[in-house]
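Each remark here refers to the structure printed beneath this line.
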Amino acid sequence: MPFLTENGFLKSRIEKSHGSIYNVPMEFEPVIGLEVHAQLLTQSKLFCNCSTRFGAAPNAHTCPICLGLPGALPILNREAVRMAVKAALALGCRINTPSIFARKNYFYPDLPKGYQISQYDLPLGAEGRVEVYSGDRAETGKIVNRREKSFGITRLHMEDDAGKSIHEGIADCGAKSCVNLNRSGVALIEIVSEPDFRSSQEAYDYLIHLRKTLLYLGVCDGNMEQGSLRCDANVSVRAGGSAEFGTKVEIKNLNSFRFLQRALDYEIARQTRILSGGETVVQETRLWDESAGRTFPMRSKEEAHDYRYFPEPDLMPLKLDPGWIEDLRKELPELPGPKMKRVMAEYELPADDALFLTGTPSMAQYFEECARISGNSRAAANWIMGDLAYSLKNSGRDISECPVAAKRLAELIRIADSGRISGKIAKTVFEEMFRSAEDPAPVIERMGLVQVSDTASLEPIIDKLVASNPRQVEEFRSGKTKILGFFVGQVMKETRGQANPKVVNELLRKKLQGRL
């Protein structure tokens, strides 16, 4: 994985699949651009009425239009246009009106028309820009120097998706390939960045920010495993300080943030080794093999002329009313960037915490509700990033499926802050709340976990411990005050953690100092 050195260049350590490690000297600079495909959350496809529901039987959601049968004419989905315009506005793009659909010609078994309806010369959106909190990866793996960085967006255009090929078996042993066209014709937006990224970390942070933005807009579910968000990366390497780009290699179909970062790290190191050896990088398309930890060639890289673009004859230029565009701009929600800044300022949180707590609209809503009701935003943040996140991960749930509602966690925080239960007991109560989906008060009552603050109940326990530990008492009185922790621990053990630590500390000091 590459790391920044003091002079700003890259140093790399790459781990091979068989475990050996080799170092690659790097006086080079990577140049990276991303092409992100996002499926829009429309109920029907881009040019027909077929359902877009994921998981249906193969080829169940098809019709003459998305099957590409002769004479079938496309009809543009208005809701898809609305979602695409909102995405373009949120990413700071200029809306082109008109924009023009084009045929992108290529043959593949899961492309029944023999071409894809896309946009080329005049895309829906162009010349956007986003501000992303990104940092540098230190050699320890920790992200340091996190700050706001600006990345350009070349274009955002609409297109219909291809189907999906499924390959089974081994070629010499009765292999077969099947085609599922349920996805064929689903509405996509493709978001093409400027080649502004100079590290895999910047590309990683940008993709996370892009996904968050689409989630906040409600135009894409961002599910990379199901393919509703996919990423292609273009990467080249050039000598440090050079203004000219190197030879570009495309890495296709990266369907996780981790795969993107690992593939870029590998490809940067591979191209650097080639250039360091005086050889030339070949322009091509490659795929990422996660199990082997490397990229491998797929095909030679196509250029625009290879696709023989020409205007789609069955669709008129898309002309949008400027007033309608402005109405959509007014509908935009508070976006991740502004929300993160507000959360940092309003709740006095560091950038890393605010990034996590605004990761999805559901998470941001949960945190703000919990912080407001509890009156303790710091505790709310700690609980959500700690115990709650851990429990959700272990149960395979999303925050929107959390059995502990925000108001219930807030009530638990208020009870702990009041001194009725200790922090340790609060964790036990939370675990039961997560299991049973109950309010904290009944759980505390049912499990008998009310914190003991009554001095009359605690003094006999303390008297017994002091009497049975004379050596520790003498150590305390001779100046070894750290021994107090021993006595506190024994009291907590005797009371099953229910004693109020503050009261216990006060009573013990008085007793050990002979004032009780």
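Okay, here's what the table says:
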| read-out | value |
| --- | --- |
| Inter-label distance, nm, simple model (7 Å from Cα along the C-beta direction), Ser362/Asp463 | 5.6 nm |
| Candidate lysines for bridging to Lys248, where Cα separation is under 24 Å - those fewer than 8 sequence places away on the same chain excluded | Lys11, Lys16, Lys104, Lys149, Lys301 |
| Sorted peptide list for 70-80, 139-149, criterion being average Cβ within 10 angstrom, highest first | 70-80, 139-149 |
| Centroid-to-centroid separation of region 206-285 and region 376-427 [C-alpha atoms, Å] | 37 Å |
| Pairs beyond 24 Å (Cα-Cα), from Lys113/Lys252; Lys86/Lys113; Lys86/Lys339; Lys482/Lys511; Lys393/Lys424 | Lys86/Lys113 |
| Ranked list, fewest to most other Cβ atoms within 10 Å of each Cβ, for Arg435, Arg230 | Arg435, Arg230 |
| All aspartates and glutamates inside 12 Å of Lys142 as judged from Cα atoms, apart from same-chain residues fewer than 8 positions distant | Asp352 |
| Region 252-392 shape via C-alpha gyration tensor axes, a/c threshold 1.5 | oblate |
| Estimated Rh, region 455-512: Kirkwood, alpha-carbon pairs, angstrom | 11.2 Å |
| Volume per residue of the C-alpha convex hull in region 2-302, rounded to whole Å³ | 154 Å³ |
| Cβ-based exposure ranking for Ile191, Ile415, in which fewest neighbours within 10 Å come first | Ile415, Ile191 |
| Rounded tilt (10° steps) of 200-217 against the dominant C-alpha axis of the chain | 90 degrees |
| Cα centroid separation, region 497-516 to region 125-195 (Å) | 60 Å |
| Mean Cβ neighbour count within 10 Å, used as a protection proxy, ranking 262-272, 498-508, 364-374, 466-476 highest first | 262-272, 364-374, 498-508, 466-476 |
| Correct option for mean projected area of the Cα convex hull in nm² [calculated from the coordinates] among (1) 33.4; (2) 26.9; (3) 24.2 | (1) |
| Helix 406-418 vs. the chain, principal-axis angle (Cα, 0 to 90°, nearest 10) | 30 degrees |
| Residue-averaged [θ]222 nm for the chain, counting only DSSP H segments that reach four residues, each worth -39500 (n - 2.57) | -11000 deg cm²/dmol |
| Share, in percent, of DSSP beta bridges within the chain that are antiparallel, nearest 5 | 95 percent |
| Cross-link reach list, lysines versus Lys176, counting only Cα pairs under 18 Å and skipping chain neighbours closer than eight places | Lys164 |
| Positive-end extreme of charge dipole, the chain - chosen from Tyr120, Met363, Ile415 (charges on Cβ) | Ile415 |
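Since every read-out is calculated from the coordinates, none of them should be taken as a lab result. It should be emphasised that the depicted structure is a prediction, and the values quoted were computed from it without experimental measurement. Cβ coordinates were reconstructed from backbone atoms using ideal geometry, including for glycine residues, and neighbour counts include every protein chain displayed.
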